[in-house]
1. Name the single residue, out of those in the stretch B:293-330 being of a type in the set (S, T, Y) and exposed (fewer than 14 other Cβ atoms within 10 Å of the Cβ), that is modelled with the highest pLDDT.
2. Might you check whether a residue that is out of contact with any Ser or Thr (no Cβ under 9 Å at 6 or more places or on another chain), within 14 Å of another protein chain (Cβ to nearest Cβ) and part of a loop (DSSP other than H, G, I, E, B) occurs anywhere in the stretch B:384-397?
3. Considering each residue of the stretch B:300-321, count those that are away from chain A (no Cβ under 14 Å) and closer than 18 Å to B:L51 by Cβ, and give that number.
4. Specify the residue that is surrounded by the most Cβ atoms within 10 Å (Cβ to Cβ); the eligible residues are those in the stretch A:18-73 that are away from every other protein chain (no Cβ under 12 Å) and small (G, A, S).
5. Regarding B:G339, is this residue within 13 Å of another protein chain (Cβ to nearest Cβ), farther than 22 Å from A:Q74 by Cα and either small (G, A, S) or in a helix (DSSP H, G or I) (or both)?
6. Looking for something free of Cβ contacts under 8 Å to residues at least 60 places away in the same chain, farther than 30 Å from A:F68 by Cβ and not basic (K, R) - is there at least one such residue anywhere in the stretch B:419-431?
7. Which of the residues spanning the stretch B:346-374 are surrounded by fewer than 22 Cβ atoms within 10 Å (Cβ to Cβ) and outside any loop (DSSP other than H, G, I, E, B)?
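The values are calculated or read from the model by the stated rules, or taken from the named source; none is laboratory data. A quick note: this is a predicted structure, and the numbers were derived from the prediction, not measured. Note: ideal-geometry Cβ built from the backbone for every residue, glycine included; neighbour counts use all protein chains shown.
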Amino acid sequence: MNTYLVPESLAVSDSGFLFLASTGETFTLNEIGKDIFKMLQGGDTREAIEQKILELYDVERATFVRDFDDFINQLSSFKLIRTK
Amino acid sequence: MAEKKTYERPVVTKHQSGIMNKFGSGPSTSVRDNIDGVLIKDLAGKFGSPLFVLSEKTIRQNQRNAYRVFKNRYPRVQFAWSYKTNYLDAVCSVFHQEGSWAEVVSEFEYRKARALGIPGEHIIFNGPEKSIEALRTAIREGAMIHIDHFDELYHIVELTDTETLKARVAIRVNMDVGVYPLWDRFGFNYENGEAWQAIKRIVANPRLSLIGLHTHIGTYMMSAEAYRVAASKLAGLAKSMHDEFSITLDYIDVGGGFASQNTLIGQYLPAEEVVPSLEQYADAIASGLFQLSIKPEDLPTLILETGRALIDNAGYLITTVIANKRLSTGRRAIIVDAGVNLMFTSFWYKHKVQPAQQPSVHTEDAVIYGPLCMNIDVLRDGIVLPTLKQGDRLVLNHVGAYNMTQWMQFITMRPNVVMVMEDGTVELIRKAETLEYLAQQEVLPARLKEKKSR
């Protein structure tokens, strides 16, 4: 079961604006990116996120799984999450 | 149950500061879902992807506009369609219907023009390689032969002598117009007197009729002023011929080379802001020619061999996303089904790329790769694009010049080419290649057909 750690100094607004207070860096998330990020902040596991997104969005599991991996890689490369 | 939301890939974009120039990043995500009213998805659905699409309407508009611009500034104007820029029969025929002659640079192109019904006297035969047989045909059919070098002149002299023919000729003149590199490999040089020497030799031969002067100063010329210099130097030669030999030229041909609206790789500002307008080119050429102070009725016809500027924006390439991936740097890469073997101009232009479906507002810096298993297969680098998924279509703009002649059958086949006609119908104008089509040209020696014996 995969879960992720999000830095405490990180704030995300309802419009998808993301601020990392520790470094001063800012980011933008698209709507689904923001939804996922809030789930990550809430401590959801990968499996839980997958389930929620498939209920919320019109997407096939295979497509989402692939895009989710890419998204997680991007967040990791920006040091916005760490895998537990 | 509530309706589900439309899906797009989750994206996070890091804000960069300090790298924007004062012009910003510019709009890059406008959608093109149709070409002259025909939907991209219908075109690709019916004719496949990748697909080259040409707009009959745009070609005709370009040609009519160019004619008007030059005719407003100079009394006698004739266009000759540059075959090498795009010699698909349908394309050439549209230009010919608009009144253009044919400008060819090989025996193959010459025969193509003849097959399309263009009479010899409306064909300009340029280029450094004209076989004896090609010259014989061109002389007999009354084509305008633009002599490139002395060896060619001697061939023509020999042919006209032995076969008692008369040839209509012009010389190609190269010159310094203040733009570098100097294009001095074609024709006779103006500054060192070689051009004048060639003129004297031709004039002395009663079987040769010197009817014109020709130059072609370069390609994608970003200075209109260079054309003023070229036109005035040719006008100077024409004046000397008039004064010394009482020859009145039928025409002065200033060639082509006008830049299109494509931005060059490495160019800082977009083409629309730095490329001269057709009006500026026309002003420069006309003012150069008017230095030829002769009676208005004796003014030579101005011939233009404009290629790129008349066809580039009439051509589109529809391509389909095969895959998205991340490079080691985290940068996004998009793989599409059209490679540089079809898009030769990707090596020097930053083609405008538009998604064919409504994009998200979120964009990322990306590089677009073709499908070839070759490192050089880069269609577009450094482009900001919205999120795309497998199967999405992209449209490359301004691809009408040179791609459909310089393309290669390499790894993949060359695809269908269609033309959207003025009435909105779509015609297939070149069929996609097949393995059978390629195999026709190959010969497998019988001994190699045998199965391995040991």
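1. The qualifying residue modelled with the highest pLDDT is B:S328.
2. yes
3. 10
4. Among those that are away from every other protein chain (no Cβ under 12 Å) and small (G, A, S), it is A:A48.
5. In short, no.
6. Scanning the stretch B:419-431 turns up at least one residue that is free of Cβ contacts under 8 Å to residues at least 60 places away in the same chain, farther than 30 Å from A:F68 by Cβ and not basic (K, R).
7. Hits for the stretch B:346-374 are B:F347, B:K350, B:Q354, B:T363, B:E364, B:D365, B:V367.
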